[in-house]
Amino acid sequence: MAVRSLGTAVVRFAGLLRREGLPVTVLQVTDAVRALDHLDLADRGEVYLGLRAVLVSRPEDVPAFDQCFATFWRLVADEEGGLPGLLAPPGPSAEDGTAAGGGEKREALGLDAWGGEDESGTEEPLGVPGVSDREALMGQDFSTFTADQLDDVFRLTVQIARRLARRISRRRRPVRRRGRVDLRRTLRANLTRGDLIDLRYRQRKRRKVRLVLLCDVSGSMDLYSRFLLQFLFALQSVFGRVETFTFSTRLTRVTEHLKQRSYRQVLRRLTEVRDWSGGTRIGESLAQFNREWPSLVDRRTIVIVLSDGWDTGEPEVLASELMRIKRRAGRVMWLNPLLGNPSYEPLTRGMAAALPLVDHFEAAHNLAALRSLAGKLTL
Amino acid sequence: MRDEIRKIQELMEDAQYVTDAPVATSVHLALTLAKPLLIEGHAGVGKTEVAKVMARVLGTNLIRLQCYEGLDAAAALYEWNYQKQLLHIKLSEQSRQSVGEAEHEIFSEPFLLRRPLLQAISQERAPVLLVDEVDRSDEEFEAFMLEIFAEWQVTIPEIGTVKAAHPPHVILTSNRTRELSDALRRRCLYLWIDYPDFDKEVRIVERKVPGVNHRLAGEIARFMEALRRMRLAKVPGVAETLDWAQALASLHADHLDEALVAETLGCVLKDSDDMKRFRAEVNKTGLTPFLSVSS
């Protein structure tokens with residue numbers, strides 16, 4: 001009896017975890033039940049560690065798991081008998097109560113599920129009102145579109161990127177050298193001959209270029225960041241990997257979020273993540289990147305920074321951190337949408353400090369600029 | 001606490017590995033549920049060590065598969081010894097064997113090179129299979145491993161199917177240079193190893209480096225704690241702590257002073273910018289902030 005009730009408790013616990021965004025599979029649930037057999041149920045710490053080992057699979061999920069564990073498994077006095085260390089919340093009799101309680105708990109946990117359910121109602125309008133002239137669109141600065149045009153321009157961005165991706169991946173380079181002799185296949189091919197006449201070769205697998213994007217989402221940069229992200233993600237089949245970070249006063253890794261949820265929703269969220277106080281700290285953000293994710297950058301990586309260069313921090317920090325990146329990266333690009341304005345000169349202290357260290361300085365302020373950018377993303 | 005878990009903790013401590021409840025619990029569950037254990041953490045916190053100690057405790061072989069970019073099934077599973085095959089063909093040219101016979105002969109056990117995965121499934125006793133730095137391998141290889149983990153059998157067309165009598169205990173380690181696939185994560189138990197806290201680091205130093213007295217071990221641990229709080233490019237791990245303690249022991253040091261730290265700093269800091277920052281800091285404040293308990 002105890003086993004059965006414990007089993008259902010674990011199932012319901014898994015349900016709670018899922019509601020809080022942890023991707024718990026059925027296999028993990030059965031493992032959790034099996035694991036409890038091998039744990040001391042009177043030892044709450046041990047049960048916590050055991051369930052965590054089974055049900056959590058990445059460190060980011062630990063805080064959410066901790067809170068769920070604390071709310072779900074309550075301590076109960078030893079005299080009660082049964083399960084001395086653990087007690088699940090009231091059983092299925094309170095089923096309707098749990099539904100409401102679940103909502104409450106969710107609020108109490110204060111976890112922001114990244115848009116658990118998609119807004120399914122929002123069908124995209126199919127017509128392209130007022131923006132039918134593509135050529136004119138190509139040259140228009142993103143910031144000059146009206147809010148209702150933006151969706152269409154987003155879609156156009158993706159279309160262009162997909163077409164570019166197909167073209168790039170179809171392009172083959174002729175093999176210059178013959179590579180190493182592939183003994184395995186050579187031998188197979190010459191089995192009946194007794195001598196090796198027909199040599200087979202193999203070549204090192206070519207590694208795709210990787211991208212690291214560091215996008216300024218403060219103030220006016222946010223809009224450009226969204227276009228760039230949209231564009232590069234539609235292009236991503238061309239790259240080995242795309243790692244994305246946003247920054248204003250500090251850096252946030254958003255790669256995983258972009259992969260998982262409804263993409264448009266996440267892009268909208270980027271604006272909300274933004275921290276309004278204190279201006280942009282580009283140097284500090286790059287320093288954080290270097291400190292926490294040093295291994296993302298190697299010779300096959302292009303690092304792209306999108307920012308207007310308005311840094312409220314010290315330009316020396318920006319310069320030294322950018323130098324650190326440059327030493328390891330294949331190429332460093334700086335995209336500054338202000339460059340699209342013919343009268344712009346990169347005179348801000350941050351921009352002036354960064355410029356000598358940058359391999360390419362581009363505008364990326366309209367579709368035509370994004371398209372030409374795609375041509376430069378090779379090593 | 002379960003007796004088994006306490007036992008594991010004791011055994012691991014006996015095998016010179018300073019452990020704690022999360023590690024012992026994870027190892028215990030990995031053994032009883034027969035599931036792979038994925039260990040993540042910063043460089044140099046002793047992820048690989050868990051597998052080594054496990055093998056020692058269980059008294060079985062440790063088979064190590066070091067991952068790298070471009071690692072493929074052939075290098076991980078088996079290959080034919082082509083050079084040997086070629087020689088054999090040459091030597092037996094006069095023997096008037098038929099093609100079929102010759103083929104049968106050179107594609108047999110003596111010509112087979114067993115790579116780590118095949119070794120792991122053809123052991124008498126269940127070994128510990130350490131898949132080190134999985135994050136360095138490609139995604140295709142990850143998928144291939146999942147396949148192996150599911151069946152623990154391999155079919156070699158020329159020889160037949162090899163099935164593990166005792167599936168190995170699998171430990172995977174990752175430095176998180178790349179996000180591993182969800183499929184792999186969900187099939188594994190998960191353990192995150194962080195930098196040790198002060199007490200654990202003192203215990204580690206005392207256990208591993210006999211020449212260090214209690215006072216020096218404490219100073220070393222405090223110092224490392226302070227260093228890890230500095231925003232360094234290469235944060236030193238436990239491996240660095242031990243190198244340093246070893247160096248200090250061989251210098252017969254019994255406490256830290258500025259000159260000694262300056263001489264041996266290379267054991268701990270491996271980046272010139274970090275060194276510069278540290279020196280600037282010490283010039284400004286002296287060594288005291290590095291040796292005092294912080295809030």
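The table below lists the values:
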read-out: Alpha-carbon centroids, segment B:108-128 and segment B:235-275: separation in whole Å; value: 42
read-out: Per residue convex hull volume, Cα atoms of segment B:198-286, in Å³; value: 84
read-out: Ordering of B:254-265, A:36-47 by burial proxy (mean other Cβ atoms within 10 Å per residue, highest first); value: A:36-47, B:254-265
read-out: Kirkwood estimate for chain B, i.e. one over the average of 1/r between Cα atoms, Å; value: 22.1
read-out: Beta bridges by DSSP in chain B, antiparallel share as percent, to the nearest 5; value: 30
read-out: Extension gain, B:ALA21 back to B:LYS270 (0.36 nm per residue minus Cα-Cα distance, nm); value: 86.5 nm
read-out: Summed side-chain charge close to B:ALA51 - residues other than B:ALA51 whose Cβ falls under 11 Å, Lys, Arg +1, Asp, Glu -1; value: +2
read-out: Radius 15 Å from Cβ of A:HIS365, net charge of other residues (Lys, Arg +1; Asp, Glu -1); value: -3
read-out: Mean-position separation - Cα centroids, segment B:31-46 and segment A:314-379, in angstrom; value: 41
read-out: Cα convex hull volume per residue for segment A:335-379 (Å³); value: 65
read-out: Length released on extending from B:ALA259 to B:GLN123, taking residue separation times 0.36 nm less the Cα-Cα span; value: 43.7 nm
read-out: Calculated FRET efficiency for the pair B:SER92/B:GLU13, C-beta based, R₀ 56 Å, to 0.05; value: 0.50
read-out: Built amide H within the under 5 Å cut-off of B:LEU38, gap 5+; value: B:LEU172, B:LEU189, B:TYR190, B:LEU191
read-out: Rg(Cα)/(2.2 N^0.38 Å) for segment A:210-375, N = residue count; value: 0.94
read-out: Nearest-0.05 FRET efficiency for A:MET323 and B:GLU179, computed from C-beta distance (R0 30 Å); value: 0.65
read-out: FRET efficiency for B:ARG114 and A:TYR344, using Cβ-Cβ distance with R0 set to 60 Å, rounded to 0.05; value: 0.40
read-out: Trypsin sites (Lys or Arg not before Pro) within segment B:189-242: DSSP coil, no more than 15 neighbouring Cβ in 10 Å; value: B:ARG231
read-out: Using θ = phi - 60° and Karplus 6.51 cos²θ - 1.76 cosθ + 1.60, couplings along segment A:297-313 (whole Hz; Gly, Pro as x); value: 10, 9, 5, 9, 10, 9, 9, 10, 10, 10, 6, 8, x, 7, 9, 8, x
read-out: Among beta bridges that DSSP assigns inside segment A:210-375, antiparallel share in %, nearest 5; value: 10
read-out: Straight-distance crosslink candidates among lysines, where the alpha carbon sits under 24 Å from A:LYS376 and sequence neighbours closer than 8 are dropped; value: A:LYS205, A:LYS208, A:LYS326
read-out: Peptide B:131-142, shielding by other chains (average Cβ, 10 Å cutoff); value: 1
read-out: Alpha-carbon centroids, segment A:16-60 and segment B:59-94: separation in whole Å; value: 40
read-out: Relative contact order [Cα under 8 Å, 6+ residues apart], chain B, whole percent; value: 22
read-out: Ranked B:ILE106, B:ILE156, criterion: other C-beta atoms within 10 Å, fewest first; value: B:ILE156, B:ILE106
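Bear in mind that the values in this text are calculations on the coordinates, not laboratory data. This structure is a prediction, so every number in the text was calculated from the model and none was measured. Glycine gets a Cβ as well: all are built from the backbone with ideal geometry, and neighbour counts include every protein chain shown.
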